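Remarks on the structure that follows.
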């Protein structure tokens, strides 16, 4: 078996553009905690958007509050990730999502990431698996990140 065919090398190859967790651990330091804080901030933002939508629909939207939550949350995550590789909560916590090749998220990647996040949130076991993976994997990746090859990293300095 060549070194290229080695299983550890194959998993490294799948995320070849992301910072190496052994040599650049600072990119992954405290990311799970920052993701939790960002998630709380984003949840508050989506809740405010839902309240505004209900008010602007003369409270008729209250009958569809669950749908409004899903639709506005999905749109919020997709648009913010596509436009800055992070939600507003992630930006406040100085983390951003990166694709396997190390590039920032585009619309397609943001849409797939949001879809994966939404599916994980819809079911208990995938959500638990995602949290466990974020706490134990070397790149602190959740379930959706593992599937897509993405990772949340501490935002690199821009000089």
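Does residue 67 satisfy being loosely packed, with under 13 Cβ neighbours inside 10 Å, under 25 Å from residue 111 (Cβ atoms), out of contact with any helix residue (DSSP H, G or I) (no Cβ under 6 Å at 6 or more places or on another chain) and free of Cβ contacts under 8 Å to residues at least 60 places away in the same chain?
yes
Quick one: residue 140 ticks every box in (1) outside any loop (DSSP other than H, G, I, E, B); (2) surrounded by 14 or more Cβ atoms within 10 Å (Cβ to Cβ); (3) touching a helix residue (DSSP H, G or I) at 6+ places or on another chain (Cβ under 7 Å) except a single one, so which number is it?
Looking at each condition in turn, residue 140 falls short on (1).
Just a yes or no: is a residue in the range 94-101 part of a helix (DSSP H, G or I) and touching a helix residue (DSSP H, G or I) at 6+ places or on another chain (Cβ under 8 Å)?
no
Quick one: which of 57, 150, 80 is farther than 20 Å from residue 30 by Cα and crowded, with 20+ Cβ neighbours inside 10 Å?
On inspection, the qualifying residue turns out to be 80.
Exactly one of these conditions fails for residue 53: (1) touching a residue at least 60 places away in the same chain (Cβ under 8 Å); (2) more than 20 Å from the chain's Cα centre (by Cα). Give me its number.
The single condition residue 53 does not satisfy is (1).
The rows are residues; the columns are (1) modelled with pLDDT under 60; (2) more than 20 Å from residue 142 (Cα to Cα).
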position: 3; (1), (2): yes, yes
position: 6; (1), (2): yes, yes
position: 16; (1), (2): no, no
position: 22; (1), (2): no, no
position: 31; (1), (2): no, no
position: 37; (1), (2): no, no
position: 40; (1), (2): no, no
position: 47; (1), (2): no, yes
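If we scan the range 109-120, do we find a residue that is surrounded by fewer than 16 Cβ atoms within 10 Å (Cβ to Cβ), modelled with pLDDT of 95 or more and in contact with a strand residue (DSSP E or B) (Cβ under 9 Å, 6 or more places away or on another chain)?
No, the range 109-120 contains no residue that is surrounded by fewer than 16 Cβ atoms within 10 Å (Cβ to Cβ), modelled with pLDDT of 95 or more and in contact with a strand residue (DSSP E or B) (Cβ under 9 Å, 6 or more places away or on another chain).
The values are calculated or read from the model by the stated rules, or taken from the named source; none is laboratory data. The model shown is predicted, which means the values in this text are computed figures rather than measured ones. With ideal geometry, Cβ positions are generated from the backbone for all residues, glycine too; neighbour counts draw on all protein chains shown.
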